[in-house]
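Enquirer: Sharing a structure here in C-alpha coordinates format.
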Amino acid sequence: MNYHWNWGIFWEMSPEGTGTYFDMLLAGLWWTLATSALAWIIAFSVGSVVGVLRTLRSGWVVMACNAYVELFRNIPILVQLFLWYFVLPEVLPAEMGRWLKTMPNAAFWTGSIGIGLFMSARVAEQVKAGLQALPRGQWMAGTALGLTTAQTYRYILLPTAFRIILPPLTSEMLNTVKNSSVALTIGLMELTAQTRAMQEFSFQVFEAFTAATILYLIVNAVVTLAMRWVEKMAAVPGYTTGH
Amino acid sequence: MAMIRLEGVSKWYTPQFQVLKDCTLSVAKGEVLVVCGPSGSGKSTLIKCINALEPFQAGSIVIDGAKLPDPKTNLPKLRSRIGMVFQHFELFPHLSITQNLCLAQEKVLRRGHEEAMAKAMMLLERVGLTAHAHKFPGQLSGGQQQRVAIARALAMDPIAMLFDEPTSALDPEMINEVLDVMVELAGEGMTMMVVTHEMGFARKVADRVVFMDGGEIIEDRPTEAFFGSPHSARAQTFLSKILAH
(Lines give C-alpha, C1' and ligand atoms only; values in the text may rest on other atoms or scores of the structure.)
Protein backbone atom coordinates (compact mmCIF):
# COMPACT_ATOMS: atom_id res chain seq x y z
CA MET A 1 0.00 0.00 0.00
CA ASN A 2 1.34 3.32 -1.04
CA TYR A 3 -0.31 5.52 1.56
CA HIS A 4 1.09 8.88 2.48
CA TRP A 5 0.58 9.33 6.22
CA ASN A 6 0.10 12.88 7.41
CA TRP A 7 -0.96 13.35 10.99
CA GLY A 8 -0.46 17.07 10.67
CA ILE A 9 -3.46 17.23 8.32
CA PHE A 10 -5.77 18.24 11.18
CA TRP A 11 -4.03 21.59 11.50
CA GLU A 12 -4.20 22.41 7.81
CA MET A 13 -6.92 24.68 6.51
CA SER A 14 -9.89 22.92 4.98
CA PRO A 15 -11.12 24.06 1.57
CA GLU A 16 -14.44 24.98 3.19
CA GLY A 17 -12.77 28.11 4.50
CA THR A 18 -14.19 27.78 7.97
CA GLY A 19 -10.94 26.79 9.67
CA THR A 20 -8.75 23.71 9.94
CA TYR A 21 -9.82 20.13 9.34
CA PHE A 22 -9.89 19.74 13.11
CA ASP A 23 -12.39 22.59 13.34
CA MET A 24 -14.46 20.74 10.78
CA LEU A 25 -14.51 17.61 12.89
CA LEU A 26 -15.36 19.66 15.99
CA ALA A 27 -18.29 21.25 14.18
CA GLY A 28 -19.44 17.73 13.33
CA LEU A 29 -18.98 16.64 16.91
CA TRP A 30 -21.13 19.53 18.05
CA TRP A 31 -24.01 18.40 15.80
CA THR A 32 -23.54 14.83 16.97
CA LEU A 33 -23.85 15.97 20.59
CA ALA A 34 -26.83 18.22 19.91
CA THR A 35 -28.64 15.54 17.90
CA SER A 36 -27.91 12.83 20.47
CA ALA A 37 -29.02 15.03 23.36
CA LEU A 38 -32.30 16.09 21.78
CA ALA A 39 -32.96 12.55 20.51
CA TRP A 40 -32.34 11.15 23.99
CA ILE A 41 -34.64 13.69 25.64
CA ILE A 42 -37.38 12.68 23.19
CA ALA A 43 -36.61 8.96 23.56
CA PHE A 44 -36.59 9.11 27.34
CA SER A 45 -39.74 11.17 27.80
CA VAL A 46 -41.87 9.55 25.10
CA GLY A 47 -40.51 6.10 25.99
CA SER A 48 -41.28 6.56 29.68
CA VAL A 49 -44.85 7.65 29.03
CA VAL A 50 -45.49 4.83 26.55
CA GLY A 51 -43.79 2.30 28.86
CA VAL A 52 -45.98 3.34 31.80
CA LEU A 53 -49.16 3.31 29.72
CA ARG A 54 -48.39 -0.25 28.62
CA THR A 55 -48.59 -1.42 32.23
CA LEU A 56 -52.00 0.14 32.92
CA ARG A 57 -55.09 -2.01 33.06
CA SER A 58 -56.85 -0.44 30.12
CA GLY A 59 -57.13 -2.66 27.09
CA TRP A 60 -57.19 -0.10 24.30
CA VAL A 61 -54.44 2.10 25.79
CA VAL A 62 -52.14 -0.91 26.08
CA MET A 63 -52.99 -1.97 22.55
CA ALA A 64 -52.34 1.48 21.09
CA CYS A 65 -48.98 1.71 22.90
CA ASN A 66 -47.97 -1.80 21.85
CA ALA A 67 -48.73 -0.82 18.26
CA TYR A 68 -46.55 2.29 18.69
CA VAL A 69 -43.62 0.24 19.97
CA GLU A 70 -43.91 -2.39 17.25
CA LEU A 71 -44.15 0.26 14.55
CA PHE A 72 -41.10 2.24 15.65
CA ARG A 73 -38.82 -0.63 16.52
CA ASN A 74 -39.54 -2.83 13.54
CA ILE A 75 -38.78 -0.35 10.77
CA PRO A 76 -35.07 0.28 10.09
CA ILE A 77 -33.93 3.62 11.44
CA LEU A 78 -32.65 4.59 7.99
CA VAL A 79 -36.07 4.06 6.45
CA GLN A 80 -37.69 6.02 9.28
CA LEU A 81 -35.42 9.01 8.68
CA PHE A 82 -36.15 8.90 4.95
CA LEU A 83 -39.87 8.75 5.68
CA TRP A 84 -39.70 11.77 7.98
CA TYR A 85 -37.37 13.77 5.76
CA PHE A 86 -38.32 12.96 2.18
CA VAL A 87 -41.82 11.48 2.31
CA LEU A 88 -43.62 13.41 5.05
CA PRO A 89 -43.28 16.88 3.41
CA GLU A 90 -44.78 15.45 0.22
CA VAL A 91 -47.85 13.88 1.80
CA LEU A 92 -48.66 16.91 3.95
CA PRO A 93 -50.73 19.80 2.58
CA ALA A 94 -48.52 21.86 0.23
CA GLU A 95 -48.18 24.78 2.64
CA MET A 96 -46.98 22.66 5.55
CA GLY A 97 -44.69 20.61 3.32
CA ARG A 98 -43.02 23.78 2.09
CA TRP A 99 -42.60 25.01 5.64
CA LEU A 100 -40.92 21.71 6.62
CA LYS A 101 -38.57 21.78 3.64
CA THR A 102 -37.45 25.36 4.15
CA MET A 103 -37.13 25.17 7.93
CA PRO A 104 -33.63 26.18 9.11
CA ASN A 105 -31.59 23.19 10.29
CA ALA A 106 -34.29 20.86 8.98
CA ALA A 107 -31.90 17.88 8.97
CA PHE A 108 -31.08 18.44 12.63
CA TRP A 109 -34.71 18.66 13.77
CA THR A 110 -35.86 15.77 11.61
CA GLY A 111 -32.87 13.65 12.56
CA SER A 112 -33.28 14.28 16.29
CA ILE A 113 -37.01 13.61 16.26
CA GLY A 114 -36.67 10.56 14.01
CA ILE A 115 -33.89 9.00 16.04
CA GLY A 116 -35.65 10.02 19.27
CA LEU A 117 -38.87 8.27 18.30
CA PHE A 118 -37.01 5.18 17.09
CA MET A 119 -35.17 4.99 20.43
CA SER A 120 -38.35 5.76 22.40
CA ALA A 121 -39.77 2.39 21.40
CA ARG A 122 -36.74 0.73 22.96
CA VAL A 123 -36.94 2.87 26.10
CA ALA A 124 -40.66 2.04 26.38
CA GLU A 125 -39.75 -1.63 26.30
CA GLN A 126 -37.19 -1.17 29.10
CA VAL A 127 -39.54 0.91 31.25
CA LYS A 128 -42.28 -1.67 30.88
CA ALA A 129 -39.87 -4.46 31.81
CA GLY A 130 -38.70 -2.50 34.86
CA LEU A 131 -42.23 -1.93 36.07
CA GLN A 132 -43.19 -5.55 35.51
CA ALA A 133 -40.16 -6.70 37.46
CA LEU A 134 -41.65 -5.16 40.61
CA PRO A 135 -43.77 -7.37 42.83
CA ARG A 136 -47.49 -6.65 42.42
CA GLY A 137 -47.60 -6.09 46.16
CA GLN A 138 -45.82 -2.76 45.69
CA TRP A 139 -48.70 -1.48 43.62
CA MET A 140 -51.13 -2.87 46.18
CA ALA A 141 -49.30 -1.29 49.10
CA GLY A 142 -49.33 2.15 47.49
CA THR A 143 -52.95 1.81 46.46
CA ALA A 144 -53.98 0.49 49.88
CA LEU A 145 -52.52 3.62 51.49
CA GLY A 146 -54.90 5.72 49.42
CA LEU A 147 -52.42 6.90 46.79
CA THR A 148 -53.95 7.42 43.36
CA THR A 149 -52.62 5.42 40.42
CA ALA A 150 -50.58 8.44 39.28
CA GLN A 151 -49.12 8.92 42.77
CA THR A 152 -48.33 5.23 43.10
CA TYR A 153 -46.35 5.37 39.85
CA ARG A 154 -44.70 8.67 40.68
CA TYR A 155 -43.59 7.95 44.23
CA ILE A 156 -43.29 4.17 44.41
CA LEU A 157 -43.16 2.20 41.18
CA LEU A 158 -41.13 4.45 38.87
CA PRO A 159 -38.30 5.30 41.31
CA THR A 160 -37.69 1.59 41.84
CA ALA A 161 -38.25 0.59 38.21
CA PHE A 162 -35.79 3.22 36.91
CA ARG A 163 -33.16 2.01 39.35
CA ILE A 164 -33.58 -1.51 38.00
CA ILE A 165 -33.27 -0.44 34.36
CA LEU A 166 -30.39 2.03 34.72
CA PRO A 167 -27.82 -0.33 33.16
CA PRO A 168 -29.90 -1.10 30.03
CA LEU A 169 -30.84 2.58 29.78
CA THR A 170 -27.14 3.40 29.65
CA SER A 171 -26.85 1.10 26.63
CA GLU A 172 -29.77 2.88 24.99
CA MET A 173 -28.06 6.24 25.53
CA LEU A 174 -24.91 4.90 23.88
CA ASN A 175 -27.02 3.57 21.02
CA THR A 176 -28.60 6.98 20.60
CA VAL A 177 -25.17 8.60 20.20
CA LYS A 178 -24.13 5.97 17.67
CA ASN A 179 -27.41 6.16 15.77
CA SER A 180 -27.01 9.92 15.38
CA SER A 181 -24.54 9.12 12.60
CA VAL A 182 -27.42 7.82 10.47
CA ALA A 183 -28.62 11.42 10.19
CA LEU A 184 -25.82 12.03 7.69
CA THR A 185 -28.06 10.34 5.12
CA ILE A 186 -30.50 13.25 5.32
CA GLY A 187 -27.69 15.75 5.07
CA LEU A 188 -26.87 16.52 8.69
CA MET A 189 -23.18 17.45 8.89
CA GLU A 190 -22.52 15.56 12.08
CA LEU A 191 -19.24 13.89 13.02
CA THR A 192 -19.37 10.99 10.56
CA ALA A 193 -20.45 13.27 7.71
CA GLN A 194 -17.64 15.74 8.45
CA THR A 195 -15.17 12.88 8.63
CA ARG A 196 -16.21 11.73 5.17
CA ALA A 197 -15.96 15.30 3.91
CA MET A 198 -12.47 15.56 5.33
CA GLN A 199 -11.51 12.30 3.65
CA GLU A 200 -12.83 13.49 0.32
CA PHE A 201 -11.05 16.83 0.49
CA SER A 202 -7.73 15.60 1.87
CA PHE A 203 -7.56 11.91 0.87
CA GLN A 204 -6.29 11.21 4.42
CA VAL A 205 -8.91 8.52 5.10
CA PHE A 206 -7.08 6.77 7.95
CA GLU A 207 -6.33 9.96 9.88
CA ALA A 208 -9.89 11.21 9.48
CA PHE A 209 -11.54 8.02 10.65
CA THR A 210 -9.05 7.50 13.46
CA ALA A 211 -10.01 10.91 14.77
CA ALA A 212 -13.72 10.15 14.43
CA THR A 213 -13.30 6.83 16.21
CA ILE A 214 -11.49 8.48 19.10
CA LEU A 215 -14.07 11.25 19.37
CA TYR A 216 -16.96 8.74 19.47
CA LEU A 217 -15.12 6.69 22.07
CA ILE A 218 -14.58 9.78 24.24
CA VAL A 219 -18.23 10.84 24.01
CA ASN A 220 -19.48 7.39 24.96
CA ALA A 221 -16.88 7.00 27.70
CA VAL A 222 -18.21 10.22 29.23
CA VAL A 223 -21.79 8.93 28.94
CA THR A 224 -20.81 5.62 30.57
CA LEU A 225 -18.95 7.31 33.42
CA ALA A 226 -21.78 9.76 34.01
CA MET A 227 -24.30 6.94 34.17
CA ARG A 228 -22.10 5.00 36.60
CA TRP A 229 -22.14 8.07 38.78
CA VAL A 230 -25.93 8.27 38.50
CA GLU A 231 -26.17 4.59 39.46
CA LYS A 232 -24.01 5.22 42.49
CA MET A 233 -26.07 8.25 43.52
CA ALA A 234 -29.32 6.32 43.10
CA ALA A 235 -28.15 3.23 44.98
CA VAL A 236 -30.29 2.42 48.01
CA PRO A 237 -28.64 0.97 51.12
CA GLY A 238 -29.59 -2.67 51.61
CA TYR A 239 -31.46 -2.86 48.29
CA THR A 240 -29.95 -4.83 45.45
CA THR A 241 -31.77 -4.63 42.16
CA GLY A 242 -30.30 -7.85 40.90
CA HIS A 243 -32.35 -10.20 43.06
CA MET B 1 -73.18 -1.54 64.62
CA ALA B 2 -71.20 -3.20 61.90
CA MET B 3 -68.07 -1.36 60.83
CA ILE B 4 -67.56 -3.71 57.89
CA ARG B 5 -70.39 -5.64 56.32
CA LEU B 6 -70.09 -8.06 53.41
CA GLU B 7 -73.30 -9.18 51.76
CA GLY B 8 -73.25 -12.10 49.32
CA VAL B 9 -69.83 -11.24 47.90
CA SER B 10 -68.91 -13.46 44.93
CA LYS B 11 -65.93 -13.27 42.65
CA TRP B 12 -65.16 -15.28 39.56
CA TYR B 13 -62.76 -15.15 36.66
CA THR B 14 -64.91 -17.43 34.53
CA PRO B 15 -68.23 -19.00 35.55
CA GLN B 16 -66.31 -22.26 36.10
CA PHE B 17 -63.58 -20.64 38.16
CA GLN B 18 -65.22 -19.00 41.14
CA VAL B 19 -62.90 -17.83 43.93
CA LEU B 20 -65.50 -16.38 46.31
CA LYS B 21 -68.98 -17.79 46.70
CA ASP B 22 -71.68 -15.72 48.34
CA CYS B 23 -69.63 -14.54 51.32
CA THR B 24 -71.55 -12.73 54.02
CA LEU B 25 -70.05 -11.51 57.27
CA SER B 26 -69.81 -8.45 59.44
CA VAL B 27 -67.21 -6.99 61.75
CA ALA B 28 -68.36 -4.73 64.57
CA LYS B 29 -66.39 -1.73 65.75
CA GLY B 30 -63.58 -2.88 68.00
CA GLU B 31 -64.01 -6.50 67.03
CA VAL B 32 -61.10 -8.77 66.08
CA LEU B 33 -61.93 -11.32 63.42
CA VAL B 34 -59.56 -14.10 62.40
CA VAL B 35 -60.03 -15.66 58.99
CA CYS B 36 -58.47 -19.07 58.51
CA GLY B 37 -58.66 -21.94 56.07
CA PRO B 38 -56.55 -24.01 53.71
CA SER B 39 -54.48 -22.26 51.11
CA GLY B 40 -56.43 -21.31 48.03
CA SER B 41 -59.63 -21.00 50.04
CA GLY B 42 -60.10 -17.33 49.14
CA LYS B 43 -59.12 -15.71 52.46
CA SER B 44 -56.65 -13.23 51.01
CA THR B 45 -58.92 -12.43 48.10
CA LEU B 46 -61.77 -11.78 50.50
CA ILE B 47 -59.94 -9.21 52.59
CA LYS B 48 -58.52 -7.55 49.49
CA CYS B 49 -62.10 -7.03 48.31
CA ILE B 50 -62.76 -4.94 51.42
CA ASN B 51 -60.42 -2.12 50.37
CA ALA B 52 -61.21 -2.63 46.70
CA LEU B 53 -57.80 -4.03 45.79
CA GLU B 54 -59.70 -6.91 44.21
CA PRO B 55 -62.88 -6.33 42.24
CA PHE B 56 -65.81 -8.68 42.76
CA GLN B 57 -68.69 -9.61 40.50
CA ALA B 58 -71.66 -9.88 42.83
CA GLY B 59 -72.73 -8.76 46.28
CA SER B 60 -71.87 -5.63 48.19
CA ILE B 61 -69.60 -4.36 50.95
CA VAL B 62 -70.27 -1.44 53.28
CA ILE B 63 -67.41 0.04 55.29
CA ASP B 64 -68.41 2.71 57.79
CA GLY B 65 -71.08 3.98 55.40
CA ALA B 66 -69.01 3.75 52.21
CA LYS B 67 -70.37 1.28 49.69
CA LEU B 68 -68.69 -1.09 47.26
CA PRO B 69 -69.24 -1.36 44.40
CA ASP B 70 -70.51 2.17 43.93
CA PRO B 71 -69.19 4.65 41.37
CA LYS B 72 -69.78 7.43 43.91
CA THR B 73 -67.36 5.91 46.43
CA ASN B 74 -64.01 7.68 46.44
CA LEU B 75 -61.74 4.63 46.44
CA PRO B 76 -58.43 6.32 47.43
CA LYS B 77 -60.21 7.99 50.34
CA LEU B 78 -61.84 4.76 51.44
CA ARG B 79 -58.53 2.89 51.23
CA SER B 80 -56.71 5.57 53.19
CA ARG B 81 -59.11 4.93 56.08
CA ILE B 82 -58.40 1.18 56.17
CA GLY B 83 -54.93 0.01 57.15
CA MET B 84 -53.52 -2.99 55.33
CA VAL B 85 -50.57 -5.20 56.20
CA PHE B 86 -49.24 -7.64 53.60
CA GLN B 87 -47.58 -11.02 53.80
CA HIS B 88 -44.41 -9.71 52.16
CA PHE B 89 -44.40 -6.36 54.05
CA GLU B 90 -44.23 -4.34 50.82
CA LEU B 91 -42.24 -1.50 52.29
CA PHE B 92 -41.02 0.88 49.61
CA PRO B 93 -37.37 -0.16 49.17
CA HIS B 94 -36.07 3.19 47.90
CA LEU B 95 -37.47 5.18 50.84
CA SER B 96 -36.07 5.33 54.35
CA ILE B 97 -38.20 3.99 57.19
CA THR B 98 -39.45 7.46 58.12
CA GLN B 99 -40.13 8.29 54.46
CA ASN B 100 -42.14 5.06 54.23
CA LEU B 101 -44.23 6.28 57.15
CA CYS B 102 -44.58 9.88 55.94
CA LEU B 103 -45.31 9.44 52.22
CA ALA B 104 -49.03 8.72 52.35
CA GLN B 105 -49.59 11.01 55.34
CA GLU B 106 -48.27 13.88 53.26
CA LYS B 107 -49.59 12.93 49.81
CA VAL B 108 -52.98 11.53 50.80
CA LEU B 109 -53.89 13.15 54.12
CA ARG B 110 -52.04 16.36 53.20
CA ARG B 111 -50.32 16.55 56.55
CA GLY B 112 -47.31 18.85 56.83
CA HIS B 113 -43.89 17.21 56.99
CA GLU B 114 -43.37 18.12 60.66
CA GLU B 115 -46.68 16.64 61.69
CA ALA B 116 -46.14 13.49 59.61
CA MET B 117 -42.63 13.09 61.04
CA ALA B 118 -43.89 13.46 64.63
CA LYS B 119 -46.53 10.82 63.97
CA ALA B 120 -43.95 8.53 62.34
CA MET B 121 -41.55 8.80 65.25
CA MET B 122 -44.34 8.22 67.74
CA LEU B 123 -45.39 5.03 65.95
CA LEU B 124 -41.82 3.82 65.51
CA GLU B 125 -41.36 4.13 69.24
CA ARG B 126 -44.51 2.16 69.75
CA VAL B 127 -43.27 -0.74 67.60
CA GLY B 128 -39.82 -0.44 69.18
CA LEU B 129 -37.87 0.68 66.12
CA THR B 130 -36.88 4.26 66.87
CA ALA B 131 -33.21 3.35 66.46
CA HIS B 132 -33.84 2.25 62.86
CA ALA B 133 -35.73 5.36 61.72
CA HIS B 134 -33.04 6.52 59.28
CA LYS B 135 -32.39 3.08 57.76
CA PHE B 136 -33.81 1.58 54.59
CA PRO B 137 -36.12 -1.47 54.46
CA GLY B 138 -33.39 -3.70 53.00
CA GLN B 139 -31.33 -3.15 56.14
CA LEU B 140 -33.99 -4.52 58.51
CA SER B 141 -34.97 -8.08 59.40
CA GLY B 142 -38.31 -9.46 58.25
CA GLY B 143 -39.89 -9.00 61.67
CA GLN B 144 -38.68 -5.42 61.86
CA GLN B 145 -39.96 -4.71 58.37
CA GLN B 146 -43.38 -6.05 59.23
CA ARG B 147 -43.52 -3.89 62.36
CA VAL B 148 -42.65 -0.87 60.18
CA ALA B 149 -45.42 -1.92 57.80
CA ILE B 150 -47.89 -1.98 60.68
CA ALA B 151 -46.68 1.45 61.81
CA ARG B 152 -47.03 2.73 58.23
CA ALA B 153 -50.67 1.60 58.17
CA LEU B 154 -51.36 3.08 61.61
CA ALA B 155 -49.90 6.43 60.57
CA MET B 156 -53.02 6.98 58.49
CA ASP B 157 -55.23 6.77 61.64
CA PRO B 158 -57.27 3.93 60.14
CA ILE B 159 -60.76 3.02 61.33
CA ALA B 160 -59.93 -0.67 60.80
CA MET B 161 -56.89 -2.81 60.02
CA LEU B 162 -56.67 -5.70 57.55
CA PHE B 163 -53.84 -8.22 57.93
CA ASP B 164 -53.10 -10.62 55.08
CA GLU B 165 -51.04 -13.45 56.56
CA PRO B 166 -48.73 -11.00 58.35
CA THR B 167 -46.43 -13.66 59.78
CA SER B 168 -46.37 -16.29 57.02
CA ALA B 169 -43.19 -14.96 55.42
CA LEU B 170 -41.30 -14.62 58.69
CA ASP B 171 -38.69 -16.81 60.29
CA PRO B 172 -40.15 -18.47 63.40
CA GLU B 173 -38.13 -16.39 65.86
CA MET B 174 -39.58 -13.18 64.42
CA ILE B 175 -43.22 -14.15 64.47
CA ASN B 176 -43.79 -13.18 68.07
CA GLU B 177 -42.46 -9.65 67.81
CA VAL B 178 -45.07 -9.00 65.13
CA LEU B 179 -47.87 -10.81 66.97
CA ASP B 180 -47.07 -8.81 70.13
CA VAL B 181 -47.72 -5.58 68.26
CA MET B 182 -50.97 -6.98 66.91
CA VAL B 183 -52.12 -8.19 70.33
CA GLU B 184 -51.44 -4.75 71.75
CA LEU B 185 -53.39 -3.17 68.93
CA ALA B 186 -56.34 -5.47 69.55
CA GLY B 187 -56.18 -4.59 73.23
CA GLU B 188 -56.57 -0.92 72.36
CA GLY B 189 -59.85 -1.62 70.63
CA MET B 190 -58.74 -1.51 66.99
CA THR B 191 -61.17 -3.16 64.58
CA MET B 192 -59.15 -5.92 62.95
CA MET B 193 -59.61 -8.58 60.33
CA VAL B 194 -56.69 -10.98 60.29
CA VAL B 195 -55.99 -13.76 57.80
CA THR B 196 -53.60 -16.05 59.64
CA HIS B 197 -52.63 -19.58 60.53
CA GLU B 198 -51.50 -18.51 64.00
CA MET B 199 -54.13 -20.31 66.01
CA GLY B 200 -52.51 -19.28 69.30
CA PHE B 201 -53.03 -15.67 68.32
CA ALA B 202 -56.60 -16.42 67.27
CA ARG B 203 -57.41 -17.99 70.60
CA LYS B 204 -55.86 -15.18 72.50
CA VAL B 205 -57.32 -12.12 70.81
CA ALA B 206 -59.99 -13.04 68.27
CA ASP B 207 -63.61 -12.40 69.11
CA ARG B 208 -64.73 -14.55 66.22
CA VAL B 209 -63.16 -17.01 63.84
CA VAL B 210 -64.24 -17.38 60.24
CA PHE B 211 -63.29 -20.60 58.51
CA MET B 212 -63.18 -20.60 54.72
CA ASP B 213 -62.80 -23.38 52.20
CA GLY B 214 -63.26 -23.40 48.44
CA GLY B 215 -64.23 -19.72 48.39
CA GLU B 216 -67.05 -20.19 50.88
CA ILE B 217 -67.46 -19.16 54.49
CA ILE B 218 -68.02 -22.50 56.17
CA GLU B 219 -68.07 -21.34 59.77
CA ASP B 220 -68.36 -17.97 61.46
CA ARG B 221 -68.46 -18.42 65.21
CA PRO B 222 -67.18 -17.02 68.50
CA THR B 223 -63.57 -18.08 69.10
CA GLU B 224 -64.27 -20.36 72.07
CA ALA B 225 -67.03 -22.17 70.24
CA PHE B 226 -64.93 -22.57 67.11
CA PHE B 227 -61.97 -24.14 68.86
CA GLY B 228 -64.15 -26.06 71.30
CA SER B 229 -66.32 -27.81 68.79
CA PRO B 230 -66.10 -26.85 65.16
CA HIS B 231 -69.30 -27.90 63.46
CA SER B 232 -68.04 -28.70 60.04
CA ALA B 233 -65.98 -31.71 59.15
CA ARG B 234 -63.76 -29.52 56.97
CA ALA B 235 -62.89 -27.19 59.84
CA GLN B 236 -62.16 -30.17 62.04
CA THR B 237 -59.82 -31.66 59.47
CA PHE B 238 -58.12 -28.30 58.98
CA LEU B 239 -57.61 -27.79 62.72
CA SER B 240 -56.36 -31.31 63.26
CA LYS B 241 -53.80 -30.76 60.51
CA ILE B 242 -52.40 -27.47 61.70
CA LEU B 243 -52.57 -28.25 65.41
CA ALA B 244 -51.02 -31.72 65.05
CA HIS B 245 -47.54 -30.64 66.14
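Enquirer: Kindly sort A:Trp84, A:Trp99 by accessible area of their heavy atoms, largest first, with the probe set to 1.4 Å.
Expert: Highest to lowest solvent-accessible surface, that is A:Trp99, A:Trp84.
Enquirer: Rounded to a whole number, what is D in µm²/s for the protein assembly as shown from Stokes-Einstein with the Kirkwood radius over alpha-carbon pairs (25 °C, 0.890 mPa s)?
Expert: Roughly 92 µm²/s, to the nearest whole number.
Enquirer: What whole number of Å gives the distance from the Cα centroid of the range B:163-228 to the Cα centroid of the range A:1-66?
Expert: Each part's Cα centre sits 61 Å from the other's.
Enquirer: Sticking with this one: Does anyone have the angle between helix B:172-187 and the longest principal axis of chain B? Alpha-carbon axes, 0 to 90°, nearest 10?
Expert: Long axis of B:172-187 versus the principal axis of chain B: about 90 degrees.
Enquirer: To continue, here is another question. What are the ³J(HN,Hα) values, in whole Hz, obtained from phi via the Karplus relation 6.51 cos²θ - 1.76 cosθ + 1.60 with θ = phi - 60°, for each residue of the range A:26-37 in sequence order, with x given for Gly and Pro?
Expert: Computed from phi, the couplings for the range A:26-37 are 5, 4, x, 4, 4, 5, 4, 5, 4, 5, 4, 5 Hz.
Enquirer: So for A:His4, B:His94, what's the accessible-area order with a 1.4 Å probe, most first?
Expert: Ranked from most to least accessible, the order is A:His4, B:His94.
Enquirer: By its C-alpha gyration tensor, with a ≥ b ≥ c as the square roots of the eigenvalues, how is the range A:26-234 shaped: rounded for a/c under 1.5, else prolate for a/b larger than b/c, else oblate?
Expert: oblate
Enquirer: Lys and Arg at +1, Asp and Glu at -1: add these up for the other residues within a Cβ distance under 15 Å of A:Trp139 and post the number.
Expert: So the surrounding residues net to +4.
Enquirer: Any idea of B:Lys204's accessible area? Nearest 10 Å², probe 1.4 Å.
Expert: 150 Å²
Enquirer: Could you run the Karplus curve 6.51 cos²θ - 1.76 cosθ + 1.60 with θ = phi - 60° over the range A:144-150 and give me ³J(HN,Hα) per residue in whole Hz, x for Gly and Pro?
Expert: 5, 7, x, 5, 6, 4, 4
Enquirer: Near the amide H of B:Gln57, under 5 Å away, which other amide H atoms are found, from residues 5 or more places off or on another chain, if H is placed in the peptide plane?
Expert: The list, which skips near neighbours in sequence, is B:Ser10, B:Lys11, B:Trp12.
Enquirer: For A:Glu190, what charge total do you get from the other residues with a beta carbon under 14 Å from its beta carbon, if Lys and Arg give +1 and Asp and Glu give -1?
Expert: Result for the local shell: +2.
Enquirer: With charges set only on the Cβ (+1 for Lys and Arg, -1 for Asp and Glu), what does the dipole of the range A:26-234 come to about its Cα centre, in debye to the nearest 20?
Expert: Charge dipole, the range A:26-234, about its Cα centre: 700 debye, nearest 20.
Enquirer: Can you work out the accessible area per residue across the range A:26-234, with the rest of the protein chains kept in place, probe 1.4 Å, in square angstrom?
Expert: 48 Å²
Enquirer: How would you classify the range B:92-134 from its alpha-carbon gyration tensor, with a ≥ b ≥ c the square roots of the eigenvalues: rounded for a/c under 1.5, else prolate if a/b is greater than b/c, otherwise oblate?
Expert: oblate
Enquirer: Net charge around A:Pro76, counting only other residues with Cβ within less than 15 Å of its Cβ (Lys, Arg = +1; Asp, Glu = -1)?
Expert: Residues near A:Pro76 contribute +2 overall.
Enquirer: On to the next question. Counting only the heavy atoms of the protein chains, how much of A:Tyr85 is accessible to a 1.4 Å probe, in Å² to the nearest 10?
Expert: 70 Å²
Enquirer: For B:Val85, what accessible area in Å² do you get when you roll a 1.4 Å probe over the heavy atoms of the protein chains, rounding to the nearest 10?
Expert: My reading of the accessible area for B:Val85 is about 0 Å².
Enquirer: By a straight-distance test (C-alpha under 30 Å), which lysines pair with B:Lys204 as possible cross-link partners, with residues fewer than eight away in the same chain excluded?
Expert: B:Lys21, B:Lys29, B:Lys43, B:Lys48, B:Lys119, B:Lys241
Enquirer: Treating only the Cβ atoms of Lys and Arg (+1) and Asp and Glu (-1) as charged, compute the dipole magnitude of the protein assembly as shown about its Cα centre; round to the nearest 20 debye.
Expert: It comes to approximately 660 debye.
Enquirer: Whole Å is fine, so just give me how far the alpha carbon centre of the range A:86-134 lies from that of the range A:158-230.
Expert: 19 Å
Enquirer: Here's another thing I want to ask about it. Where a ≥ b ≥ c are the square roots of the eigenvalues of the C-alpha gyration tensor, would you call chain B rounded, which needs a/c under 1.5, or, failing that, prolate if a/b is larger than b/c, or oblate?
Expert: oblate
Enquirer: Given contacts defined as C-alpha pairs under 8 Å and at least six residues apart, what's the relative contact order of the range A:1-109, whole-number percent?
Expert: Relative contact order here is 13 percent.
Enquirer: May I ask which residue of A:Leu53, B:Ser240, A:Trp229 lies farthest towards the positive end of the charge dipole of the protein assembly as shown, with charges of +1 (Lys, Arg) and -1 (Asp, Glu) on Cβ and the Cα centre as origin?
Expert: The one lying farthest along the dipole's positive direction is B:Ser240.
Enquirer: Determine the relative contact order of chain B: mean sequence separation of Cα pairs under 8 Å and six or more apart, normalised by residue count, in whole percent.
Expert: Taking the mean separation of contacting Cα pairs over the length of chain B, I get 27 percent.
Enquirer: Right, here's the next one. Report relative contact order for the range A:26-234 in percent, whole number only (criteria: Cα-Cα under 8 Å, sequence separation at least 6).
Expert: Rounded, it is 31 percent for the range A:26-234.
Enquirer: Here's another thing I want to ask about it. Under a cut-off of 17 Å between alpha-carbon atoms, report the aspartates and glutamates in cross-link reach of A:Lys128, not counting same-chain residues fewer than 8 places apart.
Expert: Answer for A:Lys128, where 17 Å is the Cα cut-off: A:Glu70, A:Glu172, listed by chain and number.
The values are calculated or read from the model by the stated rules, or taken from the named source; none is laboratory data. What you are looking at is a predicted structure, and each value in this text was computed from that prediction instead of being measured. Reconstructed Cβ throughout: ideal geometry from the backbone, glycine too, with neighbour counts over all protein chains shown. The accessibility values were calculated without ligands, DNA or RNA, using every heavy atom of the protein model including side chains. Shrake-Rupley method; radii C 1.70, N 1.55, O 1.52, S 1.80 Å.
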